[in-house]
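Accompanying notes for the structure given below.
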Amino acid sequence: MARVWDVDSGGSDRRPRLGDLLRRLRPRLRWVAAALLIAAGALTSTFTVSPEEVGVVTRFGRYVRTVESGLHFKLPIGIESVVKLPVERQLKEEFGYRTLRADTRTQYASSDFPDESLMLTGDLSLADVEWIVQYRISDPYKYLFKVRDIPKTFRDMAEATMRQVVGDHTVDEVITLGRKDIELKVADLLQEMCAQYETGIQVEQVVLQNVTPPDPVKPSFNAVNEAEQQKEQLTNKAKAEYNKVVPRAQGEAEKEIQEAMGYALERLNRARGEAARFEALFAEYEKAPEVTRRRIYLETLARVLPMTGDKIIVDEKATGIVPLLQMQMPGSRKER
């Protein structure tokens, strides 16, 4: 009986040849596997940390150490892994808007984010608040291991803090007057919350970018603002006119009062001087009445006669006076 070989099914005549081939390649495969393992270990055992970063090394997900910038080594092939954190860089979170590209011409997202920006103020008005939070990673260990999903948690904390502070202020304070106060309060409260939750984040600044009323009420709000600005303008104009007129009137009144007081003081001092002079003269008169009377008479004539002009005085009993003698100037008062 003849023997039939099943060639298609891989008969016994091929099996010895395949086994021999595997036996011949086995030493080479070991060397290839060893080389691949060594290469993988070399490639995965070193890492570089840039100057503004630190590297957090974990072993099977558990924290091991934190390394500074430079070239470092770790256990290869996934035994140890590294998470790099930019601790020297200032990071920021945007609320109410998104920056698509920061360049010479910054591009922003065209869509709005009303879930983040629309807030209720203390006077039960609505305000559309856009702001940013600038922060740094101060503790890499806490940032990675103390809070789950730290980016989302930090955004929720910042939004809750902003809503709390805005709810304590009126819409006018949020939009205009109280912006700086709101920024400082939000930064302080957010930092307290970060420390309480051990987030490893240092809040550096909170900045209100754009605060406006919601779109449906913007026309009415703008009309109210225009009326208030007009009122303020007219009030300032009236105050300026008041400050110009009233001080001048007060100065003139003060001037009149000072002049009156000076005149009164002058008259009083003159009266006192005249009285003192008269008393001194009377005292001398009592000592020598005739001499004093003649002295007073002569002093009076010496004071009066120079004011009478050119006069010729003759005795009324004198005779032979030329009648054509002109005794007075034309147009002057007739003297007797």
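The values are calculated or read from the model by the stated rules, or taken from the named source; none is laboratory data. Only a predicted model underlies this, so the values are computations on that prediction, with no experimental measurement involved. Note that we place each Cβ from the backbone using ideal geometry, even for glycine, and neighbour counts take in every protein chain shown.
Observations, loosely collected:
- Residue identified as in a helix (DSSP H, G or I), at pLDDT below 85 and of a type in the set (Gly, Ala, Ser) among ALA264, ALA283: ALA283
- Checking region 232-250 against the condition returns no match, with no residue being assigned to a helix (DSSP H, G or I) and touching a strand residue (DSSP E or B) at 6+ places or on another chain (Cβ under 6 Å).
- Enumeration of residues in region 84-117 that are under 25 Å from GLU183 (Cβ atoms), outside any loop (DSSP other than H, G, I, E, B) and modelled with pLDDT under 75: TYR108
- Exactly one residue out of GLY273, GLY309 is surrounded by 10 or more Cβ atoms within 10 Å (Cβ to Cβ), on the phi > 0 side of the Ramachandran plot and modelled with pLDDT of 65 or more, and it is GLY309.
- If you check GLN205, GLN209 for being of a type in the set (S, T, N, Q), touching a residue at least 60 places away in the same chain (Cβ under 8 Å), touching a helix residue (DSSP H, G or I) at 6+ places or on another chain (Cβ under 9 Å) and surrounded by fewer than 15 Cβ atoms within 10 Å (Cβ to Cβ), only one passes: GLN205.
- Of all residues making up region 130-183, the number that are more than 25 Å from SER220 (Cα to Cα) and outside any helix (DSSP H, G or I): 12
- Residue pairs meeting the criteria (Cβ under 6 Å; at least 6 apart or on separate chains; first closer than 11 Å to GLN205 by Cβ, in region 180-192; second part of a helix (DSSP H, G or I) and not small (Gly, Ala, Ser)): VAL186/THR161; VAL186/MET162; VAL186/VAL165; LEU190/THR161
- Identity of the residue in region 167-190, touching an Asp or Glu at 6+ places or on another chain (Cβ under 9 Å) and of a type outside the set (D, E, K, R), that ends up surrounded by the fewest Cβ atoms within 10 Å (Cβ to Cβ): THR170
- Being of a type in the set (Phe, Trp, Tyr) and either free of Cβ contacts under 8 Å to residues at least 40 places away in the same chain or under 30 Å from PRO214 (Cβ atoms) (or both) is a property that holds for PHE73.
- Qualifying residue in region 63-83 (condition: at pLDDT 90 or above, in the same structural domain as ASP156 (by TED's automatic domain parsing), part of a loop (DSSP other than H, G, I, E, B) and not hydrophobic (A, V, I, L, M, F, W, C)): no
- Count of region 41-62 residues which are assigned to a strand (DSSP E or B) and buried (at least 16 other Cβ atoms within 10 Å of the Cβ): 7
- Matching residues, region 141-179, being charged (D, E, K, R) and either within 26 Å of THR121 (Cα to Cα) or touching a residue at least 60 places away in the same chain (Cβ under 8 Å) (or both): LYS152, ARG155, ASP156, GLU159, ARG163, ASP168, ASP172, GLU173, ARG179
- Failed item, numbered, when GLU183 is tested on (1) in contact with a strand residue (DSSP E or B) (Cβ under 8 Å, 6 or more places away or on another chain); (2) under 26 Å from VAL83 (Cβ atoms); (3) charged (D, E, K, R): (2)
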